[in-house]
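Read the figures in this text as sums done on the coordinates, not as results from a lab. What you are looking at is a predicted structure, and each value in this text was computed from that prediction instead of being measured. Heads up, the Cβs are rebuilt from the backbone with ideal geometry, glycines too, and the neighbour counts pull from every protein chain shown.
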Amino acid sequence: MKFWKGVFSEADGTPSFSRVATGFLVCFAAGWVTHLVWHNHALPEFAGLALFIGTLYGANQIRNGWGGPVKPPAPPSDTGSQGQT
């Protein structure tokens, strides 16, 4: 259970919507491909399917800037101006 919590969570332990949604999309895509192969007796084209699966996770990574959430800069401090006239 700890493994799956790590898979579907961000580094700080909070659940990641994009990872959970991507997991659901992978399950849906596996069922969809199975259905197509069952009825058509041929493998479908997988490029579109890969883009479909990677959309949510990719959008989240782009939003995070490929390096995590952007932290605002520290406010300027007034300690340097004390004592100067």
Worksheet entry | Amide H contacts under 5 Å for Ser16, placed H, 5+ residues apart | Ser9, Glu10
Worksheet item: Which of Glu10, Glu45 comes first, and how do the rest follow, when ranked by fewest Cβ neighbours within 10 Å?
Response: Glu45, Glu10
